[in-house]
Structure formats: C-alpha cells, structure tokens
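Quick note: the coordinates plus some simple rules give every number you see, no bench work behind them. Computed from a predicted structure; not experimentally measured. Reconstructed Cβ throughout: ideal geometry from the backbone, glycine too, with neighbour counts over all protein chains shown.
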C-alpha cells in the first residue's frame, strides 16, 4: 500500500520550490516558519515573471487586448477562490491585501454600521491580534461589550463557557479556524451554529486554515471568512474576504476612490455592485494572477493529501520534541494543525531561534501576534516550528539536533 508520503511525492514537491535547495549559514535550509509565510513554487514565480514580462496591463475598462486579458484572468481567479471555499457565487469574493485588511474591512463596513451601544462581540483567547484588536477597538468606539472565550490548558476552546457568553445581545462572533500560536483547530461549524442560534453573525479567520484544510463556507455557514495569499504559496499583498452576498450588499464601502463607483457627479456618487464596491483603486492584479497560479498548484496536489501528510509530520515532530529533556510543548489540543510551540527550560526563545538558525533551521520566536494567548499560558514568548507539505521527517531530525545544540550552549 502506498504511504501518504508517496501519494504527494515529496521528492518532486521539494524540487518545485527553488529555495529549499539553498543553504543558510553553510547548512541546508530547513524552513519551519510556514505559519508566518510559505515559500513559493517555481510555477508561481514563472507565472508572475511571464505576466510582468509579456502580459502586463492594468485591469478593468481597458479596451485594448492586454488589459482585457488581464481582466479576464483576474475574474477567473475570483472564481477559483469561490471554488476553493465553495462559495455560492464568485461575487461573494472580495480581493484585499490580506486577512488583516479583510477583518478590518468587516469591522468597519459591517461593525460600525450595525453594532450599537450595549451590543456584544465575542472572540477567543487564542486569536491572532488581527482577529482580536479590530473587534476590541470597535467595541470601544461604539460602546459594545467585548467578551473572550477561555481555553483549557491544552489550548482548546471551552465551548460550555462560550455558550454561557452568548446572549440575545451578541451580534458578532469572530474566531480563527486554526490558532497560529498553538495549532489548535477550532470547531468552527459548531461555533457558527451556536452564534446563529442567538442571531449573531460570524467572522472566521482562515489564514491558518486554508493552506492546510479543505474549507466549505456553505457547510460551515460562515457569514464572513478571510485568508491571506502569502500563506498559501501566493505572492504577498493579496488576500480574500468571503461574505454572504446579502451581508455585503447591506454594508457601506470600506474605502472610496476609483473602480468602486458606478457614477460620480458634483452632487452625488453611486457605488458599484459587490464585490467591486469594496475594491477601491487599482487592485493588486499581478498578485491576484499569482494567487491563481498558487491555487492551481495546491489543487494539483490536493488538500486532502496535504492534510494527511502534514498530520504525519505533526505526529512525528511531537513525538521527537516531547523526548527532548527540558522542552515543553505549549498547545496540546487533540485536534491540531502542523504547528508546535514550545519553550526550553531557562532559555529565552530568541536565543533558541538564533542558535538553531546557525544550524540552518528557520523557526519563529516571540509572541506570534498572540499576546493574550501567551498571557493565558504564563509565558512571554515561545519558539514555534510550523510545518508544510514540502517539509520532511529528516528536517524534524535536524530541528531536534539544533535544539540539542542550544542546550549544549547553555549547559
């Protein structure tokens, strides 16, 4: 029987990513910072190069062939994004710069219009700042209550506590699909259903979900869902907001300018239909085309295959890191993505990151833009290794060996 590794052909996949054959500090690069940003396959690099070299023209309203072709391709990428998320129609896909801008768009264009004094917004204790601070500040601005779902010592949301937080005043529930700091996969379908039970709308931060899990926004029944292209092998500077059409139509524009208008006169301005209503100015059309190439690459491998192989990596890395004396994994949820945060007794995470870098191993250290999470677990920061389908079990061994070098330095 074929192994999951053979199904995705790890040897060929690694050849698709040029940077993986390079060295860092004289050692083969072991890139384990995929939760922050993913590397780019040659197909995405080639597509961007070809567009800039042979096809470049701005989109929308150009009557000449280059502009029309670029416009058509961006429309096709919008459809690919809709298919990726199983949105009901491509008009429910809005292009933004990334998940952070997407959440700010929703907080501004929906929250400021519909939230009133005395209303309530619920987030979780393990959110990225991008899905925490906008709602906190929105509540302060409009006089709404800001509530936080607590987590247990494994980093799992306490659903019974969540149910207690829900009231008829709850208007927005914003939760990440996967914790960037802990790897916890949240039960978002249940969270959404409970929110809808009290009439609240839901915002799902899918920045860590889309690259690793097959996502169906209709099955989840999410009202809004956001993700960033650079975390799914696409260029930086492009992201997606999915929103139910009726909600997008009810919202006011987020920004004003070109492309988001229908007509402008001295007396009055009327706005374009969704999604263009939320895409003021020249869109990042080259990045959109790069996103399309990245989605083609992911679809060729298959998200089910990706999830299965990355789970193998998670199990292997967890087993080997747990065996390291003095190392404590923070975030031990039963349902986890391929992210492992850890601390090493009496050694600051920044020192860990610096020393393992000398061995060619790239990990993330710090609070991971999740300071409430760090506060919950009583640590100022952690070291974090985050795996992707182009990583190998041999790279896990390299990580463990590098950590042993850290211990030697501080022994």
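For the chain, what Kirkwood radius comes out of the mean inverse Cα-Cα distance, in Å? Numbers along the way, then the final one.
Details: mean 1/r = 0.0448 Å⁻¹.
Computed over the chain, the radius equals 22.3 Å.
Taking label points 7 Å from Cα along the Cα-to-Cβ direction, residue 43 and residue 24 give a separation of 2.5 nm. Grab every C-alpha pair in region 91-222, bin the distances at 10 angstrom width from 0 up to the longest one, and report whole percents. Binned Cα distances yield the sequence 12, 47, 36, 5, 0.
The packing ranking, built from the mean of other Cβ atoms within 10 Å per residue, places the peptides 182-195, 55-68, 140-153 in the order 182-195, 140-153, 55-68, highest first.
So what does the Cα-only Debye profile of region 202-298 read at q = 0.15, 0.19, 0.23 Å⁻¹, as log10 I(q)/I(0), no solvent term? These q points yield log10 I(q)/I(0) values of -0.70, -1.01, -1.23.
Express as a percent, rounded to the nearest 5, the fraction of DSSP beta bridges in the chain (both residues included) that run antiparallel. Spell out each step's value before the answer.
Numbers: 29 of 48 bridges.
Counting DSSP beta bridges with both partners in the chain, the antiparallel share is about 60 percent.
With the convex hull of its Cα atoms as the shape, region 149-192 has an orientation-averaged projected area of 3.2 nm². What the pair-distance distribution of region 326-411 shows, using all Cα-Cα distances binned every 10 Å from zero, is 16, 52, 29, 3 percent. Packing order of peptides 32-43, 263-274, highest average first: 32-43, 263-274 (average count of other Cβ atoms within 10 Å over each peptide's residues).
For the peptides 341-350, 384-393, 116-125, the ranking by mean Cβ contacts within 10 Å, running from highest to lowest, is 384-393, 116-125, 341-350. Taken over region 253-315, the ratio of Cα radius of gyration to 2.2 N^0.38 Å equals 1.84.
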